[in-house]
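Notes follow the structure.
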Amino acid sequence: MTDPFDFDRYDHIRPILWTGDALELLDQRRLPFTVEHVACSDSDEVARAIHDLAVRGAPAIGIAAAWGVVLAARAVQAADGAEAARKLEPALQRLNAARPTAVNLAWALARMRRVLVGAGGDWREVLEREARAIADEDLAANRRMGALGAALIAPGSGVLTHCNTGSLATAGFGTALGVIRAGVAEGRIARVFAGETRPWLQGARLTVWELQQDGIDATLIADSAAAHLMKTGAVQWVVVGADRICANGDTANKIGTYQLAIAARHHGVKFMVVAPSSTVDLDTPGGEAIEIEQRDPAEMLGIGGVRTVAEGIAAWNPVFDVTPAGLIDAIVTERGVVEHPDAARMRAAFAP
Ligand code: MRU
């Protein structure tokens, strides 16, 4: 494969830095006005950072958790990996419990557990190598998906994206935003729209800022403007990421994705899901089996710490929804494109 463009030129941000002593996370609660890192020196600090959204996005929380295991190992003495695995299991469980919906978290921890159990006296080095490999493979997958996804988009198209699926949400380059980076660079994408992504405003605070850092113009819309935008004919594709893709192709992603898929189908706009194969969970048969994270309703009652809702009002805050496979035109992973996904096509693409 030839690179679609100079990757480094269009991809400056890195949310997760391993210093050798600590894990530094670009604090996504404070962007875009404050660019500051939080340093985690033990695994419970990493779990807290994942739960509190200092680091967020399915692949990024998996990578952060893998480094969390490396940090947890510092508090443990063991002769070999099997003994270390037994001692580290409570820390792994706490990391796993930090957020429920994105399968990448459990996937990364399973990978760390697997190499640990088979390791000898060098188990600390084995863990560190695996954490680094998880991050490196994610970056490579994103670059590959960028090329595969962009190739589906006709020159001159407009796209709408949701949430933040960029470098901030991954080891770098991004999933859906990687496709957008590649598509813009190749001249396929002429217009980029990003939804605000209420209530946490990943689109407004993170996506348009991230694209601006790399010189890509994007237009912010209110989430509620999406159907109207589609009706104008300005967008030909909705391009989103995923937190868990089931065996039948049903896909969990940021709340609001499902209604975008419905509106897209109504308007003849195509719908693309972009995620590494680590987001595919063949053990979950369909969307009804996915645990949807519910967050503090307080996230909906104000903006930037300023209350906007009268006292005494109740709020419901599910932060993911499930888009049925039937509304998805293409699932793009680093292994290839699954068009019109269903259980048989998913099995053919991903079954071991
Ligand atoms: O709650 P968040 O911000 O972690 O949710 C993130 C999303 O829903 C993303 O679309 C998904 O994780 C893919 S990120 C490449």
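The values are calculated or read from the model by the stated rules, or taken from the named source; none is laboratory data. Note that the coordinates shown come from a computational prediction; the quantities given were computed from them, not determined experimentally. Reconstructed Cβ throughout: ideal geometry from the backbone, glycine too, with neighbour counts over all protein chains shown. Quick note on the areas: whole protein, heavy atoms, side chains included, nothing else; ligands and nucleic acids left out. Shrake-Rupley method; radii C 1.70, N 1.55, O 1.52, S 1.80 Å.
Within segment 9-18, the presence of a residue that is open to solvent by less than 10 Å² (accessible area, probe 1.4 Å), within 16 Å of the ligand (Cβ to nearest atom), within 30 Å of residue 149 (Cβ to Cβ) and in a helix (DSSP H, G or I) is excluded. The condition of being away from the ligand (no atom under 16 Å from the Cβ), free of Cβ contacts under 8 Å to residues at least 40 places away in the same chain and closer than 20 Å to residue 139 by Cα holds for only one of 24, 36, that being 24.
Please work out which residue is surrounded by the fewest Cβ atoms within 10 Å (Cβ to Cβ), limiting yourself to segment 197-212 and to residues that are of a type in the set (Val, Ile, Thr) and assigned to a helix (DSSP H, G or I). This residue is 208. Scanning segment 222-270 for residues that are in a helix (DSSP H, G or I) and of a type in the set (Val, Ile, Thr) gives 232, 257, 262.
Selection of segment 294-352 for residues being surrounded by fewer than 16 Cβ atoms within 10 Å (Cβ to Cβ), in a strand (DSSP E or B) and either among the polar types (S, T, N, Q) or touching a His at 6+ places or on another chain (Cβ under 9 Å) (or both) yields only 294. For residue 284, the conditions (1) open to solvent by 70 Å² or more (accessible area, probe 1.4 Å); (2) outside any helix (DSSP H, G or I); (3) of a type outside the set (D, E, K, R) all hold with the exception of (1). Among the residues of segment 161-171, those identified as of a type in the set (Gly, Ala, Ser) and not in a loop (DSSP other than H, G, I, E, B) are 167, 169.
Every residue in segment 116-149 that is under 27 Å from residue 290 (Cβ atoms) and of a type in the set (Val, Ile, Thr), please. Correct list: 134 only. Taken as a whole, segment 217-232 holds at least one residue that is closer than 21 Å to residue 340 by Cβ, out of contact with any Pro (no Cβ under 9 Å at 6 or more places or on another chain) and more than 11 Å from the ligand (Cβ to nearest atom). Give the residue, chosen from 116, 95, 88, 127, that is under 18 Å from the mean Cα position of the chain (by Cα) and either more than 16 Å from the ligand (Cβ to nearest atom) or surrounded by 19 or more Cβ atoms within 10 Å (Cβ to Cβ) (or both). Just one listed residue meets the conditions, 95.
Checking each residue in segment 130-142 for being surrounded by fewer than 24 Cβ atoms within 10 Å (Cβ to Cβ) and under 30 Å from residue 227 (Cα atoms) picks out no residue at all. If you check 293, 299, 311 for being away from the ligand (no atom under 16 Å from the Cβ) and over 21 Å from residue 330 (Cα atoms), only one passes: 311. Considering every residue within segment 41-56, establish whether at least one is farther than 20 Å from residue 104 by Cα and either assigned to a helix (DSSP H, G or I) or open to solvent by 60 Å² or more (accessible area, probe 1.4 Å) (or both). Yes: segment 41-56 contains one or more residues that are farther than 20 Å from residue 104 by Cα and either assigned to a helix (DSSP H, G or I) or open to solvent by 60 Å² or more (accessible area, probe 1.4 Å) (or both). One residue stands out in segment 172-196 among those that are surrounded by fewer than 24 Cβ atoms within 10 Å (Cβ to Cβ) and in a loop (DSSP other than H, G, I, E, B): the one that is farthest from the ligand (Cβ to nearest atom), namely 187. Scanning segment 130-147 for residues that are of a type in the set (A, V, I, L, M, F, W, C) and more than 13 Å from the ligand (Cβ to nearest atom), we see that the one that is farthest from residue 296 (Cα to Cα) is 147.
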